Structure formats: structure tokens, C-alpha cells
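As C-alpha cells, the structure follows; a few thoughts come after it.
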Amino acid sequence: EYLLYGHKTSSADMISLMNLKSKRRIEAMKLVIANLKSLIEPIVEFYKTDTKLVSDVKEASNSLVNVLIDVTYRLREFRVGEPAGLVVKFKDEPNPERFEYYKSGLSTEAIKSILEAQSKIMGSQGYSNFGTLATSNGASDVVTKINGLIAEAMSIVNGFDKPIEEYVTTTGYDPKIKKLYDLLTELQSVYYESLIEALSLTAKIIEADGD
């Protein structure tokens, strides 16, 4: 993001910077993209060819639920809580520059993508997913609760009519930010406690989670 947007520099200035020194910034971006691709390709290949993990439903379920817990925790703490000053580390010290994509103003899209991914895993789709598996194994009420929380959080994010970075200042934040934070806190709790218990799985301790 820094290579593309600098210190929230204007597009015209960034284009000028990209053309300096034989377009070194552009070449650096190409290296970053190539590196990201090299990290993603083994993951894609794993999902295409793995048979060991999916053959053990219990272990696969454990892994997936713990990832959902961790992702929701990080979404709540780092992507929403830290910028708004709602976490212990930055208590009552909001600063929009802590948003993940402050320079580009794309933090809203990042949050939305994470919620959409969870909906695809847990929500009613045109295919069987983990929500289907959990429902068939006695966790119907929990799955309904999870999908309701995801939908509420998504409704708040979709309701932003400007980048989320503009809903936080160094002196405060819009009430919708606190509502989103609270919904994510509840969502993590439902994953961590209710879903784990309903499916008789094992929760892992989340690093730095004080809850």
C-alpha cells in the first residue's frame, strides 16, 4: 500500500514518484506481487489436492473454527478497535491512521471482504459449507446466531457512505464504529464458546487475547 499510495500523497504526485529512478517503485511493486503469488500458490494447491485433512472431519472442523475465531478477533481488535481507541493498548486514543489501509482509504473493503468470506463459510449458499455441516450436527441455533451477527455487521459496513477512515478522528468516533466492534466481540464469543461446545471441538488460546 505504501508503494502505491505513499503518505496519502495525491495520485498526480504518486505517478511522478513512480516514474523516478528508472521506475524503481514500480519494479519494487512487481517483486511484492510476485512474492505474494509465491505464498498463495501452495495454499491453492493444498486445497486442490489435499485428502488427509478432509478425511478427518473432526480435525478439519477444529482447524476451521479456530481460524474463524482468530480472524474475527483480529478483525475486531486490529482493524476496528485499535483505530477507534477501543482496545487496551490505545484506550480512548482514537487515530484513523491506525486503519489497515489508511493511505488508500480501502479499509472498509477489507473489512467487508472478511465478513463476506465468513458468510460463505457459515451462511446459506447454493452449496454445502461448514454452516451446513454444523447444522446437521446439532448446532442449528448457533449457526443461526452466527449468521445473524455477520448480517448485522455487514449491514453497518454497507451503510458507510464514505471510507471508514472518515468515521474516526483523534477526538472520537461515530457510534456505528462502536456498534460494529461490539458485534464482532459477540461474534467471536459465539464462535469461541457456543460453536466449539455445540460441536464438541477444542478451542485454541488466541495469542494476546485478554478475554
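List the pairs whose first member sits in the stretch 103-114 and is within 15 Å of residue 180 (Cα to Cα) and in contact (Cβ under 8 Å) with a residue 12 or more places away in the chain, whose second member is part of a loop (DSSP other than H, G, I, E, B) and open to solvent by less than 20 Å² (accessible area, probe 1.4 Å), and whose Cβ atoms are under 7 Å apart, counting only residues at least 6 apart or on separate chains?
Short answer, once both residue conditions are applied: 107/99.
Can you tell me which residue in the stretch 37-52 is least open to solvent (accessible area, probe 1.4 Å), limited to those that are at pLDDT 90 or above and either under 23 Å from residue 4 (Cα atoms) or outside any helix (DSSP H, G or I) (or both)?
My answer is 38.
Here are some conditions: (1) over 19 Å from the mean Cα position of the chain (by Cα); (2) assigned to a helix (DSSP H, G or I). Residue 110 meets all but one. Which one does it not meet?
(1)
Suppose we filter 6, 81 for residues that are at pLDDT 90 or above, touching a helix residue (DSSP H, G or I) at 6+ places or on another chain (Cβ under 7 Å) and of a type outside the set (D, E, K, R); which single one remains?
Just one listed residue meets the conditions, 81.
Please determine, by comparing only the residues of the stretch 131-151 that are crowded, with 18+ Cβ neighbours inside 10 Å and touching a residue at least 60 places away in the same chain (Cβ under 8 Å), which one is nearest to residue 57 (Cα to Cα).
Looking at residues that are crowded, with 18+ Cβ neighbours inside 10 Å and touching a residue at least 60 places away in the same chain (Cβ under 8 Å), I get 134.
Residues are listed down the side, and each one gets a yes or a no for (1) in contact with an Asp or Glu (Cβ under 8 Å, 6 or more places away or on another chain); (2) outside any helix (DSSP H, G or I):
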residue	(1), (2)
62	no, no
65	no, no
70	no, no
74	no, no
82	no, no
102	yes, yes
119	no, no
124	no, yes
146	no, no
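Restricting the search to the stretch 102-113, which residues are buried (at least 18 other Cβ atoms within 10 Å of the Cβ) and closer than 18 Å to residue 184 by Cβ?
Hits for the stretch 102-113 are 107, 108, 111.
Within the stretch 167-191, work out how many residues are open to solvent by 70 Å² or more (accessible area, probe 1.4 Å) and not charged (D, E, K, R).
Qualifying residue count, the stretch 167-191: 4.
Inspect the stretch 84-91 for any residue being surrounded by 12 or more Cβ atoms within 10 Å (Cβ to Cβ), of a type in the set (Gly, Ala, Ser) and either at pLDDT 90 or above or outside any helix (DSSP H, G or I) (or both) and give the result as yes or no.
Yes; the residues of the stretch 84-91 include at least one that is surrounded by 12 or more Cβ atoms within 10 Å (Cβ to Cβ), of a type in the set (Gly, Ala, Ser) and either at pLDDT 90 or above or outside any helix (DSSP H, G or I) (or both).
The values are calculated or read from the model by the stated rules, or taken from the named source; none is laboratory data. What you see is a predicted model, and the numbers here were worked out from it, not measured in a lab. Cβ sites come from the backbone with ideal geometry, for glycine too, and all protein chains shown count toward neighbours. All accessible areas refer to the heavy atoms of the entire protein, side chains included, with ligands and DNA or RNA removed. Shrake-Rupley method; radii C 1.70, N 1.55, O 1.52, S 1.80 Å.
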